[in-house]
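All remarks here apply to the structure that follows.
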Amino acid sequence: MLNSVTQIRPAEAVKVDHDRLGALYTEMGHAGAEDIVCRAMEELALRMAHCDRVYRTGDMAELRKSSRSLIAIADQIGMHLLTRVAGDVMECVDSGDRVALAATLGRLMRIGEGSLTAIWDLQDLTI
């Protein structure tokens, strides 16, 4: 019998909708769009931390509410995968499936961190 543990590190490619960001920059101008993107990134980071915190306390109503707000913010700046996974978290809360919720919330955190990094990396590029 082997006495080893295999650690799985799931990874997914995260993409940012360049067309959505481009439209935001066209609509709002460079300074306005930069302000919106920076605020959205800050708010996403705060909401993700809040989701994790309320999950640990068992406040499912607040987790659902916070996941819903993530959808609106992420959609605004073209983070479609994060939007979809936040919706999946809401579905898990609604179904009461705690195992699926734990896995999906973990995925939300990974996708969220990757999405924030992707937007941050774009700051040096011209949109």
(message) For the range 85-102: of the residues being under 15 Å from MET48 (Cα atoms) and in contact with a Cys (Cβ under 9 Å, 6 or more places away or on another chain), which is most open to solvent (accessible area, probe 1.4 Å)?
(response) ALA102
(request) Keeping to the range 22-65, report how many residues are hydroxyl-bearing (Ser, Thr, Tyr), in contact (Cβ under 8 Å) with a residue 12 or more places away in the chain and open to solvent by 40 Å² or more (accessible area, probe 1.4 Å). (result) 1
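A quick yes/no check of all residues on (1) within 16 Å of the chain's Cα centre (by Cα); (2) at pLDDT below 90:
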residue	(1), (2)
VAL5	no, yes
VAL14	yes, yes
ASP19	no, no
GLY32	no, no
MET41	yes, no
(message) Please go through (1) open to solvent by 20 Å² or more (accessible area, probe 1.4 Å); (2) of a type in the set (Gly, Ala, Ser); (3) in contact (Cβ under 8 Å) with a residue 24 or more places away in the chain for SER115 and return the number of the only condition it doesn't satisfy.
(response) (1)
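The values are calculated or read from the model by the stated rules, or taken from the named source; none is laboratory data. Predicted, not measured: the structure shown is a model, and the values here were computed from it. Using ideal geometry, Cβ is built from the backbone for each residue, glycine included, and neighbour counts are taken over all protein chains shown. For accessibility, only protein heavy atoms count, side chains too; no ligands or nucleic acids. Shrake-Rupley method; radii C 1.70, N 1.55, O 1.52, S 1.80 Å.
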